[in-house]
Structures are given as structure tokens and as C-alpha cells.
Number of protein chains: 2
Amino acid sequence: LIRPVILSGGAGTRMWPLSRPGRPKPLLALTGERSMLQLTAARFQGQQEATDPIIVAHESHAEEISRQLEEAGVTPALMILEPVPRNTAPAIAVAALAANPEDLLLVMPSDHAIERPDKLREAVFAACRSAAEGWLVTFGIVPTAPHTGYGYIRVGTQLRPGVHRVERFEEKPAREMAEAFLATGRCYWNAGIFLFRAEVMIELLRHHAPAVLEAAEAALAGAASDGPRLRPEEQAFARAPSISIDYAVIERARQVAVAPVEAGWSDIGSWEALYQLKSKDEAGNAVAGEVVLHDVRGSLVMGDGVTVAALGVEDLVIVATADAVLVAPRHRSEEVKGLVEALRTRGSKAVD
Amino acid sequence: LIRPVILSGGAGTRMWPLSRPGRPKPLLALTGERSMLQLTAARFQGQQEATDPIIVAHESHAEEISRQLEEAGVTPALMILEPVPRNTAPAIAVAALAANPEDLLLVMPSDHAIERPDKLREAVFAACRSAAEGWLVTFGIVPTAPHTGYGYIRVGTQLRPGVHRVERFEEKPAREMAEAFLATGRCYWNAGIFLFRAEVMIELLRHHAPAVLEAAEAALAGAASDGPRLRPEEQAFARAPSISIDYAVIERARQVAVAPVEAGWSDIGSWEALYQLKSKDEAGNAVAGEVVLHDVRGSLVMGDGVTVAALGVEDLVIVATADAVLVAPRHRSEEVKGLVEALRTRGSKAVD
């Protein structure tokens, strides 16, 4: 049986002004009516092969997450509430310790879009046998462009249909290298989706990242339990190094496999990425909320409880909330981070 | 003695989303810290030659106007509160009837900017003798461009230094005609500022616009008084034709004079006009409120209690309020009216 582990951390600064520390990207309905978390939880909800999920999130988002899960008809087996963010390795360590040792844990970020979840499920089900045998299975997204913002996974020999050994993990590449990766047909994007037996991960952590495991064990020993909510002890948890599971374990382990998956995946890493995902009108505009456009083309225009009126502009991102507005060319939407930093430096409340 | 009559009507749709029916252009601090009404009232405040002003405004704005006048240290002699808007002729008729017959009334719109009010005062003082003698004195703005959005006043022979007969009123011209007007050096913009004896205006109304005068007389006969507030009787006032004082009287009267004035005047008829007025930073941006810009040029960016972050755009107007945002090229800011109409058609609350 597969136990989804949904990681709902991360601030999502690049989706400012919609995403805020108190309402980060997983909790936003970016692509439609449901939040990214709800969409993630729905992917294995009701599948015979899967059980209720474990959610790992920051303490401050507990209420909103509970509300959203209830709305989506999802009953979490466990909600692990982190007192402080410590990246993915400690989050996964705590989840692995809290689960049954034999559980097949399916770790999924909660802020990615997957257009064809059936394709992901297919790949996951195909990989279960390998994971049960002790393999750490990653899922490699078939790349559609020479993206320089992702790590790549190079496939090796086949283990069984749909599952290969990982030959090598490749760092985020420069443009030329990314094009070379794409040309090989054997390199996939690392989407941060992993399948493994809980006890396998614990042993790997013990070997490759003992400080993470020890902090997680101590934090769980002192944890407070409240229904499905589990609160690791703060001081112990805070001692865990802030490190990703990729660096801490996955890129160091030996028995690592990759299952290619072609599922219409996007990490929605920028407004431009969201624009690409959304359906457009005849003028190439993607809109959400009360929006009135005149002579506008190729733009993403979103009003979150705010009316947006635009005329005579092209290829812009316009996102408005009750306390902040962003206007930028779509192709420069990655630079939003810089604006947010400038606002933070000024002590602006619009980034709280 | 000069009795200022400040007309505070008009919706100012072109300044949406800042201006709204409940908070129209005169009540906004567009150019600095003080509202257009406060700046207008200040122009003759404390001048020996002037008395406390008469304000004519819509009933619904009474409280905000009182607050703003008090803040500016202005005590209105009278606040005439219109139950329904009826353009300038009925407003001026009521003011003329409510004033002393011998008063020199100086009618001023409350939503224009005047950079050098001393120049206006000089022109007004120079024109007092002519007004006292029974002339209806208009003030002609020395044009700085062949503007097609204003009516023009063509000067005739001089009456006395600084005061001329009006040779003719010219309708809003086409571009070519506007250029010809500018070239004559004898055509001025009609800014809607007038000086006349109250009883002279009443006689002119009786002759040229008797329906206006009768409605105004009946509305005043049934008026309710409350301190300085005077509320004309609604049914009578509503019977007044909705007509401007220009069409009703000024362009038809015989004894009409014009005093040229070069005072840095602007009717702030569009966001572009406001941009031109405001001081700009090195990149040519005019900003108000919490605004963070990166690689932005030639833009007007205003946040009214809302943070605005923009990058990589040029020559735009970005105006954000808590419930609405406008984005448009500066040179197309006159088209805002169309967006507002589209929103009104949809029943949007953002134009209420």
C-alpha cells in the first residue's frame, strides 16, 4: 500500500503578491478552483493501492490546511506540524519515522501542477515492486524544453518496464548543457517526487545524514499529539540541519531508480509558468477574478478580490490583491523575487 | 469684496479607480497632500479682498467636504447641497440667488490645478472693476499646446489693462483649428472661472435661461437651512434643465470680458495630465504611495493604501486602490472612460 506524504512547506516568493508567508503557494488556487494542496491530495485519493496521506506543513498553516483537506474530502492519516522550516530532509525523516516501517511512502511536493495524474499514478504503480525491494525510486519528468532551472536525472539500465537505474544526477545546467541533456533523450527533470519504504529511508538517513535523523528522532520523542496532528518538539527539530532530501540522501544513495513520467508537469515556478498552464482567450490572455480588458494581448491578469482593468498592454503579468499589485513583463516574471526583497528591506507589510 | 463660489460637482470618471461617485475628483489629493477642493479654497483664503466662500456640492459629499474645509482652516459662508446634479447653470443660479445682489461672485471649479495661484489672484483683482461695472468676466488660460479638449475664448479690444472684450467663444476645435487658434496668440482656454455681480448673473439667467432661474428660485423658496448648510428643495431643483453656465448664459451674453491668466493651470482631465503635473524622478516616474520600481521609466504609479511593485515597463499608468487597479499606457489614459463604462455595464462594484 502506498502512503502519500505531501510536503506543504515553501514560501513561494516568486508568486508574490498572491503567495505570502501566511498563505503560501500550496494553499492557493492558482490553476483553477482548487488549491495546489487539494489537487495534490486528490491525485491518490480513493485509489485502492493508496491510504490516507501524511501531510507535513508549518504549524501556522494547520487550520487552513485542515479546512482545505476537509473541503476536498481528504482525511489525513497524520498532519506533522513543523515548528520551524528545515527544508525537505528533516520533513521526510519525521514522516518516515512516524509511518510504519513497511509503508511505501510516496513523497510529493504540494505546489506542483500535474495535468494528467493518471500518468503519474501509472508510473507510481509500476515502480511499487522496485520500491518494495528496497529501491529509492525517483520520478523523472520527460523534459519539454532545455530548462536551466531544474536538476536532471540521467537514466541507466532498465530494472523492469518503466523503472531504470539512475546513472547520474545532474546539477541545474547552463543553457548549452541543458540542450545537450534534452538531445540525449535519457535525461529527465527531477520533480522531487519519490517512492520508498519508510525503513529504507531511515537506514539511508542513518548512513548519509545522521544529524538529520537524530534531530527527527528526538523531535518525535518529545512530540505532542492532538488527533491527527503531531507536533515535533521544537528545540530538537530546530537542531536538524536545513538540507534537502536530494543533497542529504538521494544523490548519495546507491539503490536509486527513476521512473519516467510524462504527465504535463509544472512546478509553477513563476507567473510565466502559470500563464503557460492556464487556458487563454482569443487574444492570448489568461484571466482570473473580475477583469476587464481592452486591446490587451498575451497577458496574465488576476484579481484576487480586486477588480483589474487594463488597456493597450501586451505580454504583461498583472496580479492584484487587496494590499499589493504586481505589474511586470511576463518573460521577466522571475525577477519578482528582487521586488519582494526590496519590499522586505523597506519593511513593507505587503510581503508579510 | 469677492465671494468665491466653489463648484464641487462632477464624477471625474477619467480618474478612476481613484475617483468614485462617493469620492469624486475634487475630494482627492491628486497633486500632493491636499485635496483639489482644499487647494481651490486656499487660493483666496485670507485675502483681504475676498470673503468666506460659498460651496456648491452634492448632498452626499457634505460630511467629507466639511471635514476637508475644516482641515484646511476654511469656514464656508454657505454650503449649498444639491439633491441631484444639474450641471453648472442651476448651481450658479442658486449661489447667485443666495448671495447678496452686490456680491462679486468668483466661480471656480474645484478640481483644477493652478501652480501659481498668485497669477490667478492678480488677474481676478485686475478684473474686479469691470465685474463691478456689470461685465461678466471670464478667465482665459494662455494655451501651451493646441489642445482639442477645451473651448477657446478669442479676445477682442481691451477694456482696461488685463481685461478685454470677448470677441467670440470657440467650440472645442479639431487639431488643425486648435493649431490655428494657438498661432493667433489671441485665443485662450476657457477654464470655467468667472467673475460677476450676483444680480448681473440673475438678470442674465432671467433673460437667457428663465427655466433655470425659476427652478432655482423655487428650490430656494422651499430650502432647508442647517447652520451654513442650505438644501434646495429637491422637486423644484430637479426641474432645472441640466445645462452648463457656458451654454446657458456666458456664450449668449453681450457684456462678456476675458482676463488672460498664465498660472500653470490644468484641469487634470486624465492620468496623463496628472503625470505631466507631478514631479518626476530621474527615470521620469511620478509615484505616490508605497511603490517599488525596477527598470521602470516614464510611468505614473500610484498606490492608495496598496503597495505597487512594477518592473520592466515604460510609459504606463498604474493606479491601485483596495478594490480596483488600472493599467494602461499613459498616452491612452483618456480611454479609461470606456473601461469604467464596461465595468458599469457588468454591474461591477468597483465603479460604485
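The values are calculated or read from the model by the stated rules, or taken from the named source; none is laboratory data. Since the model is a prediction, treat every value here as computed from it, not as a measurement. Note that we place each Cβ from the backbone using ideal geometry, even for glycine, and neighbour counts take in every protein chain shown. When the accessible area is computed, the model is the full protein with side chains, heavy atoms only, and any ligands, DNA or RNA have been set aside. Shrake-Rupley method; radii C 1.70, N 1.55, O 1.52, S 1.80 Å.
Which value, in Å², gives the accessible area per residue of the range B:215-301 when a 1.4 Å probe is used on the protein heavy atoms? If you can, show how the numbers build up before the last one.
Working: 3850 Å² over 87 residues.
In whole numbers, the range B:215-301 has 44 Å² accessible per residue.
Which percent of the accessible area of the range B:275-352 is formed by carbon and sulfur heavy atoms (probe 1.4 angstrom)?
Numbers: 1450 of 3230 Å².
So the carbon and sulfur contribution to the accessible surface is 45 percent.
Relative contact order for the range A:187-311 using alpha-carbon pairs under 8 Å, separation at least 6, rounded to a whole percent? Working shown, then result.
Numbers: 124 pairs, mean separation 17.9, N = 125.
Once normalised by length, the contact order is 14 percent.
Quick check on the range A:247-352: take the gyration tensor over C-alpha atoms, sort the square-rooted eigenvalues as a ≥ b ≥ c, and tell me if it's rounded (a/c under 1.5), prolate or oblate.
oblate
Calculate, in nm to one decimal, what B:Arg206 and B:Asp295 gain on full extension: separation in residues at 0.36 nm each, minus their alpha carbon distance. Before the final figure, lay out each step's value.
Working: separation 89, 0.36 × 89 = 32.04 nm, distance 5.99 nm.
Roughly 26.1 nm would be gained on extension.
Can you compute the modelled spin-label distance between B:Leu1 and A:Val142, with each label point 7 Å from Cα toward Cβ, in nm?
In this crude label model, B:Leu1 to A:Val142 measures out at 8.9 nm.
From the label point of B:Ala126, set 7 Å from Cα along Cα→Cβ, how far away are the matching label points in the other copies, in nm, ordered shortest to longest?
Label-point distances to the other copies, shortest first: 8.9 nm.
Please compute the average number of Cβ atoms from other chains found within 10 Å of each residue's Cβ in peptide A:288-296.
Whole-number average of other-chain Cβ neighbours for A:288-296 is 4.
Rounding to the nearest 20 debye, state how big the charge dipole of the range B:252-334 is about its Cα centre with +1 on each Lys and Arg Cβ and -1 on each Asp and Glu Cβ. Kindly include the intermediate steps, with their values, before the conclusion.
On the way: 7 positive and 12 negative charges, 98 e Å.
I would put it at about 480 debye.
List, shortest first and in nm to one decimal, how far the label point of B:Gly305 (7 Å from Cα along Cα→Cβ) is from its counterparts in the other copies.
For B:Gly305, the inter-copy label distances come out at 1.3 nm.
Can you give me the angle between helix B:88-98 and the longest principal axis of chain B, using Cα atoms only, in degrees from 0 to 90, rounded to the nearest 10?
Roughly 50 degrees between the two axes.
Could you tell me which of rounded, prolate or oblate describes the protein assembly as shown, using a ≥ b ≥ c as the square roots of the eigenvalues of the alpha-carbon gyration tensor, with rounded for a/c under 1.5 and, failing that, prolate when a/b is larger than b/c and oblate otherwise? Could the numbers behind the result be given before it?
On the way: a/c = 3.55, a/b = 2.82, b/c = 1.26.
Cα axes put the protein assembly as shown in the prolate bin.
Between A:Gln276 and A:Glu214, how many nm apart are label points set 7 Å from Cα along the C-beta direction?
The answer from the label model is 4.3 nm.
Which percent, to the nearest 5, of DSSP beta bridges fully inside the range A:268-335 are antiparallel? List each step's numbers first, then the result.
Values: 5 of 17 bridges.
Within the range A:268-335, antiparallel bridges account for around 30 percent of the total.
For the charge dipole of the range B:179-251, defined by +1 on Lys and Arg C-beta atoms and -1 on Asp and Glu C-beta atoms about the Cα centroid, which residue among B:Thr184, B:Phe237, B:Ala216 has the Cα displaced farthest towards the positive pole?
B:Thr184
Find out how many positive minus negative residues lie around B:Val155, taking Lys and Arg as positive, Asp and Glu as negative, among other residues whose Cβ is under 11 Å from that of B:Val155. It would help to have the intermediate numbers written out before the result.
Numbers: positive: B:Arg154, B:Arg165, B:Arg168, B:Arg186; negative: B:Glu167.
Computed value for this residue: +3.
Give the calculated FRET efficiency between A:Lys119 and A:Asp226 to the nearest 0.05, with a Förster radius of 45 Å applied to their Cβ-Cβ distance.
Numbers: r = 37 Å, r/R0 = 0.83.
Rounded to the nearest 0.05, the efficiency is 0.75.
Using only Cα atoms, find the angle between the long axis of helix A:117-132 and the longest principal axis of chain A, and express it within 0 to 90 degrees, rounded to the nearest 10.
Once rounded, the angle reads 20 degrees.
I need the GluC sites (Glu not before Pro) found in the range B:280-352, filtered to DSSP loop residues with at most 15 other beta carbons within 10 Å of theirs.
Numbers: sites: B:Glu282, B:Glu290, B:Glu314, B:Glu334, B:Glu335, B:Glu341; in loops: B:Glu282, B:Glu290.
Listed in order of number, the matching sites are B:Glu282.
Working from Cα positions, state the angle (0 to 90°, nearest 10) between the long axis of helix B:210-221 and the longest principal axis of chain B.
90 degrees
Using a Förster radius of 51 Å, what is the FRET efficiency between B:Ala132 and B:Lys337 based on their Cβ-Cβ separation? Nearest 0.05, please.
On the way: r = 41 Å, r/R0 = 0.80.
Working from the Cβ atoms, E equals 0.80.
If one computes the Cα centroid of the range B:34-101 and of the range A:54-111, what distance in Å separates the two points?
The distance from the Cα centre of the range B:34-101 to that of the range A:54-111 comes to 63 Å.
Scan around B:Ala324 for amide H atoms under 5 Å from its own, H built in the peptide plane at 1.01 Å from N, and keep only partners 5 or more places away or cross-chain.
HN-HN under 5 Å from B:Ala324: A:Thr307.
Could you name every residue in the range A:316-352 that has 50 Å² or more less accessible surface in the full protein assembly than in its own chain alone (probe 1.4 Å, ligands and nucleic acids excluded)?
So the qualifying set is A:Val325, A:Val327, A:Arg332, A:Leu339, A:Arg346.
Where a ≥ b ≥ c are the square roots of the eigenvalues of the C-alpha gyration tensor, would you call the range B:13-63 rounded, which needs a/c under 1.5, or, failing that, prolate if a/b is larger than b/c, or oblate?
Details: a/c = 3.34, a/b = 1.68, b/c = 1.99.
Note, shape of the range B:13-63 comes out oblate.
Could you tell me the total accessible area buried at the B-A interface, probe 1.4 Å, in square angstrom to the nearest hundred? Please report the intermediate quantities before stating the final value.
Working: alone 15790 and 15770 Å², together 28890 Å².
Roughly 2700 Å² of accessible surface disappears when B and A pair.
Please list, in order along the range A:47-55, the HN-Hα scalar couplings obtained from phi with the Karplus expression 6.51 cos²θ - 1.76 cosθ + 1.60 (θ = phi - 60°), rounded to whole Hz, x for Gly and Pro.
Couplings: 7, 4, 7, 10, 10, 4, x, 9, 10 Hz.
Can you return the aspartates and glutamates within cross-link range of B:Lys280? Criterion is Cα-Cα under 14 Å, with same-chain partners fewer than 8 residues away left out.
Once the sequence-local aspartates and glutamates are set aside, what remains near B:Lys280 is B:Glu272, B:Glu314, B:Asp315.
List the distances, in nm and shortest first, from the label point of B:Gly156 to the matching label points in every other copy, placing each point 7 Å from Cα along the Cα-to-Cβ direction.
Between copies, matching label points for B:Gly156 lie 10.2 nm apart.
Rolling a 1.4 angstrom probe over the protein heavy atoms, how many square angstrom per residue are accessible across the range A:1-150?
That works out to 37 Å² for each residue.
Once you have the Kirkwood Rh of the range A:101-256 from its Cα pairs, apply Stokes-Einstein at 4 °C and 1.567 mPa s and quote D in µm²/s.
Numbers: Rh = 17.0 Å.
For these conditions, the coefficient is 76 µm²/s.
May I ask you to derive the FRET efficiency for B:Arg23 and B:Ser242 from their Cβ-Cβ distance with R0 = 22 Å, giving the value to the nearest 0.05?
Working: r = 22 Å, r/R0 = 1.01.
The calculated FRET efficiency here is 0.50.
How large is the dipole of the range B:1-57 about the Cα centre if only Lys and Arg carry +1 and Asp and Glu carry -1, each at its Cβ, rounded to the nearest 20 debye? It would help to have the intermediate numbers written out before the result.
Values: 7 positive and 3 negative charges, 59 e Å.
In debye, rounded to 20, the range B:1-57 gives about 280.
Using +1 at the Cβ of each Lys and Arg and -1 at the Cβ of each Asp and Glu in chain A, identify which of A:Ile55, A:Ile250, A:Leu37 lies farthest towards the dipole's positive end.
Result: A:Ile250, furthest along the dipole toward the positive end.
I'd like the GluC sites (Glu not before Pro) in the range A:78-135 restricted to DSSP loop residues with at most 15 other Cβ atoms within 10 Å, sorted by number. Don't skip to the answer; put the middle values down first.
Details: sites: A:Glu102, A:Glu115, A:Glu122, A:Glu133; in loops: A:Glu102, A:Glu115, A:Glu133.
Here the sparse-neighbourhood loop sites are A:Glu102, A:Glu115, A:Glu133.
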